[in-house]
2 protein chains.
Amino acid sequence: MTQPRLLETVAAEAYRYPLLIRRLLPQPQTTDTEIVSDGRRFSYAAFVERVHRLASGLAQHGVQAGDTVAVMDWDSHRYLECYFAIPMLGAILQTVNVRLAPAAIGFTLRQSGASTLLYHDDFKALAAALVPALGIERTVTFGGTATDGFEALVEAGDRDFAFADFDENAIATTFHTTGTTGDPKQVFFSHRQLVLHTLAAAATIANQPVGQNVMRTDVYMPMTPMFHVHAWGLPYVATMLGMKQVYPGRYDPATLLALKRKEGVTYSHCVPTILRMLIDVARKDAVDLAPWTMMIGGSALPEALAQEAEDVGIIALSGYGMSETGPVVTLARSKPGEPVEARCRAGFPLPLVDIAVDHACGGELTLRAPWLTQGYSGQDASNALWDGGRLHTGDIAEIDADGAVRIVDRLKDVIKTGGEWVSSLELESLLMAEDGVAEAAVVGIPDARWSERPVAFVVRGAGPAVTEGSLRQAVSARAQTGAISRYAIPDAIHFCEALPRTSVGKVDKKALRETAIASASPATA
Amino acid sequence: MTQPRLLETVAAEAYRYPLLIRRLLPQPQTTDTEIVSDGRRFSYAAFVERVHRLASGLAQHGVQAGDTVAVMDWDSHRYLECYFAIPMLGAILQTVNVRLAPAAIGFTLRQSGASTLLYHDDFKALAAALVPALGIERTVTFGGTATDGFEALVEAGDRDFAFADFDENAIATTFHTTGTTGDPKQVFFSHRQLVLHTLAAAATIANQPVGQNVMRTDVYMPMTPMFHVHAWGLPYVATMLGMKQVYPGRYDPATLLALKRKEGVTYSHCVPTILRMLIDVARKDAVDLAPWTMMIGGSALPEALAQEAEDVGIIALSGYGMSETGPVVTLARSKPGEPVEARCRAGFPLPLVDIAVDHACGGELTLRAPWLTQGYSGQDASNALWDGGRLHTGDIAEIDADGAVRIVDRLKDVIKTGGEWVSSLELESLLMAEDGVAEAAVVGIPDARWSERPVAFVVRGAGPAVTEGSLRQAVSARAQTGAISRYAIPDAIHFCEALPRTSVGKVDKKALRETAIASASPATA
């Protein structure tokens, strides 16, 4: 094509505005909301001043643009201050997944190249074991009985610290995915990417139907950890909008519910496991939690769970994304009168998100958006992720008639059996819809005759005492109506107290597959 | 400073996402809303197809990336299609202010360098007079009795036309400001700037309090023309959100109100003059217009007018911006229980907007934002606009305690008298608050003794018959309470049928000043 005309006749002093994280700080600061954390309350003016002081203190401490600063903390105002101050210096914030095994945490810290580590006293022993073997030059500790190094930094810092402009493609944050195979993989996001994610997410969540939306007057509390994909980006959104924010420390259902009540929390996000716990506590205490809108991600939101949530006053709706996607790319919503199922789909793409279902790849969902990681720090997996110029999600999707995305399964969790594809997700939903089933997970195990065979794991819940026979019969009944393939009837159904989970709360299907193979009798194998 | 680390370890095929206007088209298209214009109804799927066909048809016609395509039309689906199709080709959309004098229209067309002109049959005579003297190579006509050239282009175009990616800093739109002095000045906006304005505006208007906000389910109709600063950017917002949109053609109060009722319009924007007309018609017909949220700009929203609007069911709120600013940079809102005055301020900055009040320049409001014109096509004024690296608005502002911006006056409209500064805006508000006054405008005229003296122009309205004496007494009374300087009491108050206005509905103070000087008697001069 011929060339478009670029902005060229610009004034000598015209400001070329780079999209930097510091621009998300509300200006002037709102005066009617606050940030609550660790029993303290900060006005936005105080918060913005602390961000300046923290950055100044870190710079005095020797942190420079291009350095990596790693943080190990629970959800706190400190973490929020780090979300801003570290990238605003031109440094890189590495959010450390503290739920990984110590060796894996060591791996992620080493790969991040962090020269500074900020850690909560709860991780003192871990830090003592790891730091000597890493290239970490300085540590800052807080939260214990000794002098609070973080507060000392803030106090020593300059409230008028001036931030320089730099290239909006500078890396702002890095962290590691928690894949169930191989080492964690490092993803990275630039200032530009985070600013665009924040704007698109803010425009989307505000435009949801009443009861499923966020307003500036809502009260926000994260319940997916801040070390995990920027707590889904919501702390940046809440700060940009000047909302009241509540940071709950280490997660504990009783504390979360107490904060919800005391601070009037109305908007949160979590994985289905946390939602399950909240519902159970609310039921036990017979409390109504309305109004509380809850974005659910990490794994699929079962319809039954969304219905139970509604019964205790929580409007649950599904978001969809991955560590690689910054994370939010779609969000579900339901119209008045639509069944709760509408909110259990991946939902509608955010502005600027370009989705496609690649039928040549078994219906894999592929993406373009301005905020997707441009690769992994190890290049091999990067090229597979971006094969053909689109990000491969590894999820199989369908587009409903109304334009909403529905995730059918993980590409690797589809069970190929008897020449048919059985969706483990569909089978799990079917089992979870049975009275007496609290949770269910399905994996495929190798089978000489059928290629693969499904095996289910079930956690019993309130209601009738389900058995392997009763559940197999329920699946058979659905197979007879054609709702599911007859090959989907599981070979074995194991009952357990709880499903094994990864550090971020996803069902650990790798572990389940090993258990299923080990317990498969010669007769069925 | 040391250098931040840029995104560098990117996958070979990672997609570097440019912020292009084509990305604002909703994908997949929403199925439950439509675009209404010229008595026709288009689904979003049909609209998106027409955008592709139109671009393809223009390309077949010879339009290339880098070319300028000028449009002269009333508000229509065609204009909306041009908002997308022309920039998506890499070409530049010049929106022609058809309310300027013919010579001025010729000036703007010549400066734009347009090689293609699309015009409505209503402008046939104008085009016939102008085109021969300009470098226009091709014209497309529509709306008349002859063959519709626009529809022929769309029909001939390819529905699967593929748009190429290009630099996000490519110019997407140009148009001319309508300053009251000198020739119109050309401003220009890139794809990146318009995408960022759209995201920030969408996040802002959705996050307003209930009744002052936009939801995806609202019905949008512009009432500031599409030739004027992208109809304040709202057509891009409404399209991105997939809202129902209504385009009213040439403005006429009866048609606007009929469309409001028939199509269920709930969100619009206009200048105070149009709001005034709507209120008058609504009163005459004794109809309640609720729900209707109205963003007001172009000139200040008087409190009395906002109150009258509320009485007929319209929630009016002020936005602030200029042709140079893309345009929206701040938006007002009121909390429950706050007086209507809160919504008459310029309001709160949009995300990413950096405001400052420059006390060294008499309190001038200066700006940085990612969507401000980088200059004028004539360079001299550009450097003044961007003096010191910030855009100079020419408006004097104050920041209220709650962080909202209040515009005190135009820098050039401040009246310096007796060593004091008198705000013409404040004096106008005071006059308009009097019963019997419909509109008021104040200008300063040269005075040998006092440097300048204020002169008022008043349009009488419903209520008691005000006189020069009664109004001067009213101002004196306020001066005695200290609410306004005693130097503010106007030397003369002229009564007129209507205030002279510029082509975009602003009071023409240049004309008023000339009248005031001409009619000043030797005794007062």
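Before moving on, here are some points about what is shown:
- Index of the failed condition, B:Thr2 passing every other in (1) buried (at least 18 other Cβ atoms within 10 Å of the Cβ); (2) facing chain A (nearest Cβ under 8 Å); (3) not small (Gly, Ala, Ser): (1)
- Positions within region B:132-161 being outside any loop (DSSP other than H, G, I, E, B) and crowded, with 18+ Cβ neighbours inside 10 Å, in sequence order: B:Val140, B:Thr141, B:Phe142, B:Gly149, B:Phe150, B:Leu153, B:Val154
- Qualifying positions in region A:210-229 - more than 7 Å from chain B (Cβ to nearest Cβ) and of a type outside the set (Val, Ile, Thr): A:Gly211, A:Gln212, A:Asn213, A:Asp218, A:Tyr220, A:Met221, A:Pro222, A:Met223, A:Pro225, A:Met226, A:Phe227, A:His228
- Flag if A:Arg343 is within 14 Å of chain B (Cβ to nearest Cβ) and of a type in the set (D, E, K, R): no
- Condition met for B:Thr417 (of a type in the set (Val, Ile, Thr) and closer than 17 Å to B:Thr177 by Cα): no
- Test: residue in region A:434-444 that is surrounded by fewer than 17 Cβ atoms within 10 Å (Cβ to Cβ), at pLDDT 90 or above, under 28 Å from the mean Cα position of the chain (by Cα) and not assigned by TED's automatic domain parsing to the domain that holds A:Phe175: no
- Residue match in region A:152-162 (condition: among the β-branched types (Val, Ile, Thr) and within 22 Å of A:Leu385 (Cβ to Cβ)): no
- So B:Leu109, is it touching a residue at least 12 places away in the same chain (Cβ under 8 Å), within 22 Å of B:Val48 (Cα to Cα), hydrophobic (A, V, I, L, M, F, W, C) and crowded, with 24+ Cβ neighbours inside 10 Å: no
- Residue in region A:54-64 that is within 26 Å of the chain's Cα centre (by Cα), within 22 Å of A:Phe142 (Cα to Cα) and free of Cβ contacts under 8 Å to residues at least 60 places away in the same chain present: no
- A count restricted to region B:404-421 and to residues that are in contact with a Ser or Thr (Cβ under 6 Å, 6 or more places away or on another chain), modelled with pLDDT under 85 and under 19 Å from B:Leu301 (Cα atoms) stands at 2.
- Scanning region B:31-75 for residues that are acidic (Asp, Glu) and either in a loop (DSSP other than H, G, I, E, B) or within 24 Å of B:Gln186 (Cα to Cα) (or both), we see that the one that is farthest from the other protein chains (Cβ to nearest Cβ) is B:Asp38.
- The residue that is nearest to the other protein chains (Cβ to nearest Cβ), counting only those in region A:9-30 that are closer than 21 Å to B:Ile399 by Cα and part of a loop (DSSP other than H, G, I, E, B), is A:Pro28.
- Only one of B:Gly106, B:Gly143 that is farther than 24 Å from B:Leu234 by Cβ, of a type outside the set (D, E, K, R) and in the same structural domain as B:Gly326 (by TED's automatic domain parsing): B:Gly106
- Condition check for B:Asp183: surrounded by fewer than 16 Cβ atoms within 10 Å (Cβ to Cβ), touching a helix residue (DSSP H, G or I) at 6+ places or on another chain (Cβ under 8 Å) and under 30 Å from B:Leu411 (Cβ atoms): yes
- Some residue of region A:350-363 being farther than 27 Å from A:Phe188 by Cα, among the hydrophobic types (A, V, I, L, M, F, W, C), touching a residue at least 60 places away in the same chain (Cβ under 8 Å) and more than 11 Å from chain B (Cβ to nearest Cβ): no
- As a summary of the residue check, A:Gln3 satisfies the conditions (1) modelled with pLDDT of 95 or more; (2) not assigned by TED's automatic domain parsing to the domain that holds A:Met240 except for the one numbered (1).
- Residue match in region A:500-516 (condition: surrounded by fewer than 13 Cβ atoms within 10 Å (Cβ to Cβ) and out of contact with any Ser or Thr (no Cβ under 8 Å at 6 or more places or on another chain)): no
- Residues being crowded, with 21+ Cβ neighbours inside 10 Å and more than 22 Å from A:Ala11 (Cα to Cα) - total across region B:377-403: 2
- B:Gly264 among the small types (Gly, Ala, Ser), touching a strand residue (DSSP E or B) at 6+ places or on another chain (Cβ under 8 Å), within 14 Å of chain A (Cβ to nearest Cβ) and more than 25 Å from B:Pro87 (Cα to Cα): no
- The one condition from (1) closer than 24 Å to B:Ser37 by Cα; (2) in contact with a Gly (Cβ under 6 Å, 6 or more places away or on another chain) that B:Ala65 does not meet is (1).
- Filtering region B:385-404 to residues that are more than 12 Å from B:Glu324 (Cα to Cα), at the interface with chain A (Cβ under 10 Å from one of its Cβ atoms), in contact with a strand residue (DSSP E or B) (Cβ under 7 Å, 6 or more places away or on another chain) and outside any loop (DSSP other than H, G, I, E, B) leaves only B:Ile399.
- Residue in region A:319-326 that is under 21 Å from A:Ala438 (Cβ atoms) and not in a loop (DSSP other than H, G, I, E, B) present: no
- Inside region A:148-175, residues that are touching a Lys or Arg at 6+ places or on another chain (Cβ under 7 Å) and either facing chain B (nearest Cβ under 10 Å) or modelled with pLDDT under 95 (or both) make up a count of 5.
- Which listed residue, of A:Ala456, A:Ala483, A:Ala479, is at pLDDT 90 or above, not assigned by TED's automatic domain parsing to the domain that holds A:Glu341 and not aromatic (Phe, Trp, Tyr): A:Ala456
- Test: residue in region B:470-491 that is under 20 Å from B:Pro272 (Cα atoms) and surrounded by fewer than 18 Cβ atoms within 10 Å (Cβ to Cβ): no
- Screening the candidates B:Ala286, B:Ala304 for the property of being under 25 Å from B:Glu338 (Cα atoms), in the same structural domain as B:Asp395 (by TED's automatic domain parsing) and modelled with pLDDT under 95 yields one hit, B:Ala304.
The values are calculated or read from the model by the stated rules, or taken from the named source; none is laboratory data. Computed from a prediction, not measured in an experiment: that's the story for all the values here. With ideal geometry, Cβ positions are generated from the backbone for all residues, glycine too; neighbour counts draw on all protein chains shown.
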